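Take a look at the structure set out below.
The values are calculated or read from the model by the stated rules, or taken from the named source; none is laboratory data. Note that this is a predicted model, so its numbers are computed, not measured. Positions of Cβ are backbone-derived with ideal geometry, glycine not excepted, and every protein chain shown enters the neighbour counts. Each accessible area value is taken on the protein alone, full model and side chains, heavy atoms only, with ligands, DNA and RNA left out. Shrake-Rupley method; radii C 1.70, N 1.55, O 1.52, S 1.80 Å.
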Amino acid sequence: MPTTTRAAVLRQRGAPFALETVTLADPGPGELLVKLAATGICFTDVGVQRYEQGTPLPHVLGHEGAGTVLSVGEGVTHVAPGDRVVLSYASCGTCPNCSHDHPQYCANFMALNYSGVLPDGRVPMHRGEEPVYGGFFGQSSFADHAIAYARNTVKLPDDVPFALAAPFGCGLQTGAGTAYNTLNVQAHHSFAVMGAGTVGLAALLAAVDRGCHTIVAIDRVAARLDLARQLGATHTILADGQDVMLALRAIIATGIDRIVDTTGASPVIRAGLEALASRGELAMLAVTAPGTEITFNPNTLLGGRSLRGAVEGDADPQVFIPWLIDRHRAGRFNHAPLVREYPLAAINEAIADMASGVAVKPVLVMD
Ligand SMILES: [Zn+2]
Ligand SMILES: [Zn+2]
């Protein structure tokens, strides 16, 4: 019996989302059907809404879903109908990086997360005879129902509300994972985050959890810096044209030990590199605009400094998301102040609020 569901469909690049009723394919082997309760909105969704990235239209986006399993296809054993789950990015499980516990660098990442079709080529949704593409990050969660895979479906404890759980699937995993995994921040480190949106603030929360003695947040929006202080930042820098490198050096003259860049802006990344302490590390996680280049004096890297990139917080969702949720349940990772709830029907308003800074992490809740 095919499932009919309400979905926010993108029909034209740059157009708003429109709620439509579509029919969802039945879950095949290794797949499952999820009744969504909440889904976060991430800048990746907005990027695909606005810019051509190879995703066919019409398309259902959304990649921070949380909800309840309705049915499972053959071979899905770690979750069962009725289980509460969080959905993360998809990976193949068989390529060299997947085989060595690094599914975030899956060789089939683009095909599994952006192609618009399921791995066997099926189109996941239809409206009448018209194909509606999806399978976005193995879910397409801007809808009441989604097809997900065993590998990107993570079990959720009963005591974590769906609206708080949803952003663990991408934004929180990405930011926190970059601090915990990529940079392995420690109490003896000074730490700075450049760009205090959801991802940056998740990195900051990880630095707070690890007890970093100095935690600096940098942003162009004063309200985000207020939030950063509320979450545990010891210093903030309003990037209103001042030299960020000098501002960081004014806080610690010898430099900062660990920096996360979420801006993808070359002058900011360069300022961060020049503000690193000896043996300091800077991790960048944002996709930069096409044509972006960064120039810096290579001698900066002498003194043991390093610049590296990471996606999805270097995290395997099946391992990292349950671990991070446990930190949250233990009161050591409180991201609740970031979340602002909207009904699914208010998706365009939620995106506008995210762009203007009214909302840090909008989460759509299904009624
Ligand atoms: Zn793979
Ligand atoms: Zn995302």
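What share of Cα pairs, in percent, lie more than 21 angstrom apart in region 11-132? Display every interim value, and only then the final one.
Working: 3396 of 7381 pairs.
That tail contains 46 percent of the Cα-Cα pairs.
Per residue and in cubic angstrom, what volume does the convex hull of the Cα atoms of region 76-184 have? Intermediate values should be presented prior to the final figure.
Numbers: hull volume 14.1 nm³, N = 109.
Normalising the Cα hull of region 76-184 by residue number yields 130 Å³.
Considering only DSSP states other than H, G, I, E and B, which trypsin sites (Lys or Arg not before Pro) in region 64-141 qualify as loop sites with at most 16 other Cβ atoms within 10 Å? Before the final figure, lay out each step's value.
On the way: sites: 84, 122, 127; in loops: 122.
Listed in order of number, the matching sites are 122.
Under the definition of Cα pairs under 8 Å and six or more residues apart, what whole-number percent is the relative contact order of region 174-311?
On the way: 289 pairs, mean separation 30.5, N = 138.
Taking the mean separation of contacting Cα pairs over the length of region 174-311, I get 22 percent.
Any idea how far apart residue 279 and residue 159 come out in nm if each label point goes 7 Å out from Cα toward Cβ?
Label-label distance for residue 279 and residue 159, simple model: 3.9 nm.
Put a dot 7 Å past each Cα toward the Cβ at residue 77 and residue 184; how far apart are the dots in nm?
For the pair residue 184/residue 77, the computed spacing is 3.3 nm.
Can you tell me the order of 220-229, 91-100 when each peptide is scored by its average per-residue count of other Cβ atoms within 10 angstrom, highest first? Each step should come with its number before you reach the end.
Values: 220-229: 16.8, 91-100: 15.1.
Packing order, densest peptide first, comes out as 220-229, 91-100.
Ignoring ligands, DNA and RNA, what accessible area per residue does region 165-319 give at 1.4 Å, in Å²? Walk me through the numbers before you get to the answer.
Values: 5950 Å² over 155 residues.
Value for region 165-319: 38 Å² per residue.
I'm a student and want to see the number: the projected area of the Cα convex hull of region 258-367, averaged over all directions, in nm². Numbers along the way, then the final one.
On the way: hull surface 39.4 nm².
Mean shadow area of the hull around the Cα atoms is 9.8 nm².
Counting other Cβ atoms within 10 Å, which trypsin sites (Lys or Arg not before Pro) in region 1-40 have at most 10 and lie in a DSSP loop? Before the final figure, lay out each step's value.
Values: sites: 6, 11, 13, 35; in loops: 11, 13.
When the trypsin sites (Lys or Arg not before Pro) of region 1-40 are filtered for loop state and at most 10 Cβ neighbours within 10 Å, nothing remains.
Could you give the length gained on full extension between residue 367 and residue 99, defined as 0.36 nm per residue of separation minus the Cα-Cα distance, in nm?
Additional length available on full extension: 92.6 nm.
Could you tell me the calculated FRET efficiency between residue 243 and residue 19, based on Cβ-Cβ distance and R0 = 56 angstrom, to the nearest 0.05? Numbers along the way, then the final one.
Values: r = 47 Å, r/R0 = 0.83.
The pair residue 243/residue 19 has a calculated efficiency of 0.75.
Calculated from DSSP H runs of 4 or more alone, at -39500 (n - 2.57) each and per residue, what is the 222 nm mean residue ellipticity of the chain, nearest 500?
Values: 11 runs with 92 residues, N = 367.
So the helix-based figure for the chain works out to -7000 deg cm²/dmol.
If each of residue 308 and residue 348 carries a label point 7 Å out from its Cα toward its Cβ, how far apart are those two points in nm?
My value for the distance between the label points is 4.4 nm.
Percent of accessible area on the chain owned by carbon and sulfur, 1.4 Å probe? Working shown, then result.
Details: 7710 of 14410 Å².
Of all accessible area on the chain, carbon and sulfur atoms account for 54 percent.
By the gyration tensor of its Cα atoms, with a ≥ b ≥ c the square roots of the eigenvalues, what is the shape of the chain: rounded for a/c under 1.5, prolate for a/b over b/c, or oblate? Kindly include the intermediate steps, with their values, before the conclusion.
Working: a/c = 1.82, a/b = 1.75, b/c = 1.04.
It is prolate, given that a/c is not under 1.5 and a/b is the larger ratio.
Debye sum, Cα scatterers, region 174-311, no solvent: what log₁₀ I/I(0) at q = 0.18, 0.20 1/Å?
-0.92, -1.16
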